Amino acid sequence: MSLLLALPAAAGLWLVSGGRALGVRPARLLTAVTAALTLGLAVAVVVLGAEVDRPWLPELGVRWSFGVDGVSTPLLLLTAGIGLLVALHAWVEVPAGGSPATFLGCLLVVEAGALATFAARDAVLFLVAFEVVLVPMWVLVGRYGDPHDPRARTEAAQRFVLYTAVGSTTMLLGILLLVASAGTADLRALAGGAGLGTGVQLGVAVLLVVGLAVKVPVVPLHTWLPPAHTTAPTAGSVLLAAVLLKMGTYGLVRLPVASVPEGFGVLAPGFAVAGAVGVVWGGLVCLVERDLKRLVAYSSVAHMGFVVLALAAGSQTGLQAALYGNVAHGVVSALLFVLVGGLKHRWGDVDLAVPRPALRETSPRLGFVLVLGLAASLGLPGLAGFWGEVLAVYAAWAPADDRPRVVLVVCAVVAAVGAALAAAYSLRVAGIVWVGDRPDPDVARTPDTSGMERWILAALALAVVVLGVAPMLVMSVTADAVAGVVGAR
């Protein structure tokens, strides 16, 4: 377990510091090998049930405690898998803006911090691991983002730091209040409320929910995400959507939902409303958005709204839907951002108002992946996006007994309308990009996907189909842990 966390962290920090003079090819090779070994270690940790528990800061009662269970296992494997694909994508594109080794090192440090976040069994350790991710992601956005608009790149990076710093400060206060009140930072001992009174639980829940809502992000705390996605390099966008957003929802499950269930139950109706509004708001924006990369970012806001709604329902079905939806959105968003990033690299921009030849005719492989990604995003049965959304709406329609049913049912209806909006904007994008205008001999053809990019897209497309056909691959892993979280309330 310690090796799993140390390997990408050590390699990444070396690339950022001592390896900056390293050539592009050796840096790519080191990053790819490190990411492949990390994926192998992640599989070994899950199979063997490896864990570590040692004193770290004994004066503060903080332990070096890492392990995995049904809640964290899918996200740990998702992070390691996405980390390898992002490392391989460096053979397709290494953005300008600085040393290639620094760029690749930041990718590995983000991966290491995310793995530590999902494996942490100590609340303080969870916070430390969470914060490790933010600085390298800021570097990826601010230094290696879109070179065409330096001012927008700087503003996006500053907004990312401002929002996440405020969210982290609020989360820190919530964790300190929780640990001080319960007398322990062990997340296993905190499960079920740890004997805390309703007033304390409510105070802790408010701080934790607000802090983590910034990370998810939940409407109206979402405005940092679209600029960050629009500006970030392709690898940064993939990590941001597939990994960093999942850290926020995982934190909600691990902290307020599991540790202060009574306090979270009081906030659940408002949380459900925010999730339903996010689904509709994201869908409406996507109907009129011109920038394709920004459109995919707003679709992430909508999809995370389903996860928020499922968590607010308070039932086993809702928690299962949230955990599955996390993994499904991670795979689907990674597929779309790799695709859209490739199109932006070919076209120079992804403005939907610019007439272009039909992708289905000029680049059939890219066109197929686009249609597959859009179909998964709109929740087509048989693909990854379907089960998370359907189960989230069902969970809100039949919430836990301690949740206000009228509020949750209304939110379920609103979210269902949002799902229809997803179909509308997905068909809009397909009509503009996939159908397009008929090819003009004077217009340059869009090069089809090939080489490493083709294999990355193929792996993600396969994952989208497999998760849609066999959702129990995830749900069977999370079932026992979900029952334990809900039963401990």
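Just so you know, all these numbers are worked out from the coordinates, no wet-lab data involved. Bear in mind that the values here come from a model prediction, so they are computed numbers and not experimental data. Cβ sites come from the backbone with ideal geometry, for glycine too, and all protein chains shown count toward neighbours.
When the chain is described by a simple charge dipole with +1 on each Lys and Arg Cβ and -1 on each Asp and Glu Cβ, the residue from Gly275, Val338, Ser65 located farthest towards its positive end is Val338.
Let's test this: bin the Cα-Cα distances of region 246-403 at 5 Å from zero up to the farthest pair and state each bin's percent. In whole percents, the pair-distance histogram is 2, 9, 17, 20, 17, 12, 9, 6, 4, 2, 1, 0. Taking packing as the residue-averaged number of other Cβ atoms within 10 angstrom, the listed peptides 116-127, 184-195 run from highest to lowest as 116-127, 184-195. Note on mean projected area of the Cα convex hull in nm²: of the candidates (i) 20.7; (ii) 22.1; (iii) 23.8, the value calculated from this structure sits at (i).
Given the chain, what percent of its DSSP beta bridges are antiparallel, to the nearest 5? Don't skip to the end; give the middle numbers.
Numbers: 8 of 9 bridges.
Among the beta bridges of the chain, antiparallel pairing accounts for roughly 90 percent.
According to the square roots a ≥ b ≥ c of the eigenvalues of the Cα gyration tensor, what is the shape class of region 132-235, taking rounded for a/c under 1.5, prolate for a/b larger than b/c otherwise, and oblate for the remainder? Taking the square roots of the gyration eigenvalues as a ≥ b ≥ c, region 132-235 is prolate. Note on region 17-51 and region 180-234: Cα centroid distance 30 Å, given to the nearest whole angstrom. For region 329-397 and region 269-285, what is the separation of their C-alpha centers, rounded to whole Å? Taking the Cα centre of region 269-285 as reference, the centre of region 329-397 is 21 Å away.
Placing unit charges on C-beta atoms (Lys and Arg positive, Asp and Glu negative, everything else neutral), compute the dipole magnitude of the chain about its Cα centre in debye, rounded to 20. Can you show the working numbers first?
Numbers: 29 positive and 27 negative charges, 97 e Å.
In debye, rounded to 20, the chain gives about 460.
Sorting the segments 390-403, 47-60 by their residues' average number of neighbouring beta-carbon atoms within 10 angstrom, most packed first, yields 390-403, 47-60. Specify the angular offset, from 0 to 90 degrees and rounded to the nearest 10, of the alpha carbon long axis of helix 24-48 from the longest principal axis of the alpha carbons in the chain. Helix 24-48 sits roughly 40 degrees off the main axis of the chain.
A helix-only calculation puts the chain at -24000 deg cm²/dmol for mean residue ellipticity at 222 nm, using -39500 (n - 2.57) for each DSSP H run of at least four residues, averaged over all residues.
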